[in-house]
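One structure below.
Values in this text are rule-based calculations from the coordinates and carry no lab data. The shown structure was predicted, so the numbers you read here are calculated from the model rather than taken from an experiment. So basically every Cβ, Gly included, is an ideal-geometry build from the backbone, and we count neighbours across all protein chains shown.
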Amino acid sequence: MDLDYCYIQHPINESIVKSIKEYVECYNVNIYNETTKKGVLRNIITGVGFNTGDVMVILVTKTKELPFENKLVEILRKNVLGLKSVVHNVNNKVTNIIFGEKTKVIFGSEKIEEQIGDLKFNISAQSFFQINTIQTKVLYEKVLEFADLKGLENVFDLYCGTGSISLFLARKAKKVYGVEIVEKAVHDAKENATLNQIANAEFYVGEAGKTVENLYRKGITADVVIVDPPRRGCDQKLLDIIVNMNPEKIVYVSCNPATLARDLAYLNEKSYKAIEVQPVDLFPHTSHVETLIKLRRKNR
Ligand SMILES: C[S@@+](CC[C@H](N)C(=O)[O-])C[C@H]1O[C@@H](n2cnc3c(N)ncnc32)[C@H](O)[C@@H]1O
């Protein structure tokens with residue numbers, strides 16, 4: 001859709017969209033067609049550090065080459081304030097997954113920086129990061145309140161992305177173990193721990209269920225478990241392992257009320273009762289909502 005302005009996006013996107021339209025028109029770049037599976041440019045993803053002003057622009061193409069990439073960089077540099085990074089990703093598969101496997105930085109640095117509270121985060125192109133930094137701080141403070149840490153607890157932060165919740169909790173916990181499936185994000189998480197001088201957080205790459213099972217086998221368990229899954233919610237296998245581990249508390253962070261309700265019903269059957277709920281408006285002016293639930297182990 002040919003929009004000049006989108007009210008729910010960061011205003012900097014306006015100059016990015018305008019620049020990419022100019023590039024597409026000047027250099028006749030074909031847009032990928034989902035029906036015919038033909039064309040070049042598939043997706044544009046932007047990242048803006050609300051608190052740092054850093055901007056990253058990512059273009060995903062079907063083709064190995066991004067035509068006239070130097071010209072694109074020139075146009076973006078001319079128009080986009082705070083541009084720190086331009087990244088080209090190749091995805092030639094027939095899929096609704098946005099990113100392909102090959103990523104190349106074509107201008108600037110590999111990462112942008114964002115700050116939440118007094119914590120700094122370096123974020124790579126393919127790492128998940130919450131899209132609304134202002135409300136993310138509200139969300140994370142509430143996670144900390146629901147976790148109610150006394151400094152003696154082992155905490156598992158599952159689906160941890162770049163380790164942002166882990167690092168938020170680490171200063172109040174004995175140790176935090178973060179688990180995340182995207183390797184680059186775990187790399188960022190480790191780097192972010194060092195950047196913030198946090199030494200009691202460890203991060204593991206892997207599927208949440210399998211990785212927690214391996215940790216549990218090694219005798220590592222959690223007093224408090226945080227889960228922040230994608231929209232499809234948690235795998236039942238993971239919920240079973242968490243229940244076996246018998247943590248006192250679970251804090252569930254969800255962006256999809258439907259899968260949240262499904263998982264809470266299952267956990268309720270398995271002795272974990274939801275005792276507090278807090279919605280957070282992470283996506284203002286949309287029908288979406290982030291929801292935070294505190295669950296406590298029932299007396300068996
Ligand atoms: C909603 S994000 C939460 C990230 C992080 N907690 C935050 O606040 O930025 C969900 C994360 O789960 C990761 N993920 C998806 N499926 C996974 C799985 N099966 N095992 C582990 N991580 C997974 C995604 O890559 C993404 O980083």
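Before moving on, here are some points about what is shown:
- Of all aspartates and glutamates in the structure, those lying under 20 Å Cα to Cα from LYS71, and not within fewer than 8 positions of it along the same chain, are GLU14, GLU22, GLU25, GLU110.
- Dipole magnitude for the stretch 255-300: about 480 debye, using +1 per Lys or Arg Cβ and -1 per Asp or Glu Cβ, origin at the Cα centre.
- Subtracting the Cα-Cα distance of ALA274 and MET1 from 0.36 nm times their residue separation leaves 94.1 nm of extension gain.
- Listed residues ILE16, LEU167, CYS6: farthest to the positive end of the dipole of the chain (Cβ charges): LEU167
- The chain - charge dipole about Cα centre, Lys and Arg +1 at Cβ, Asp and Glu -1, debye rounded to 20: 680 debye
- The residue among ILE112, ILE250, PRO230 whose Cα reaches farthest toward the positive pole of the charge dipole of the chain, with charges on the beta-carbon of Lys, Arg, Asp and Glu, is ILE250.
- Loop sites in the stretch 1-52: chymotrypsin sites (Phe, Trp or Tyr not before Pro), DSSP, at most 10 other Cβ within 10 Å: TYR5, TYR7
- For VAL87, the residues whose modelled amide H falls within less than 5 Å of its own, excluding neighbours fewer than 5 places apart on the same chain, are VAL57, ILE58, LEU59, ILE106.
- Model label points for THR259 and ARG217, set 7 angstrom from Cα along the Cα-to-Cβ axis, are 2.5 nm apart.
- Residue by residue, the stretch 230-236 carries 3J(HN,Hα) couplings of x, 4, 6, x, 8, 5, 4 Hz when phi is fed to the Karplus relation 6.51 cos²θ - 1.76 cosθ + 1.60 (θ = phi - 60°); x denotes Gly or Pro.
- Loop-located chymotrypsin sites (Phe, Trp or Tyr not before Pro) in the stretch 202-289, at most 15 other Cβ atoms within 10 Å (DSSP): none
- Excluding exposed DSSP-loop GluC sites (Glu not before Pro) (at most 11 other C-beta within 10 Å), longest clean stretch of the chain: 102-300
- Taking every DSSP bridge with both residues inside the chain, close to 55 percent are antiparallel.
- Set of aspartates and glutamates with alpha-carbon distance to LYS62 below 17 Å, sequence-local pairs under 8 removed: GLU34, GLU101
- Around the amide H of GLY100, modelled in the peptide plane, lie the amide H atoms of VAL90, ASN91, all under 5 Å away and 5 or more residues distant in sequence or on another chain.
- Over all orientations, the chain has a Cα convex hull whose mean projected area works out to 16.1 square nanometres.
- The stretch 12-109: antiparallel DSSP beta bridges as a percent of all, rounded to 5: 65 percent
- Of the residues ALA208, ALA125, ALA258, the one that moves most in a GNM of the chain with alpha-carbon contacts below 10 Å is ALA258.
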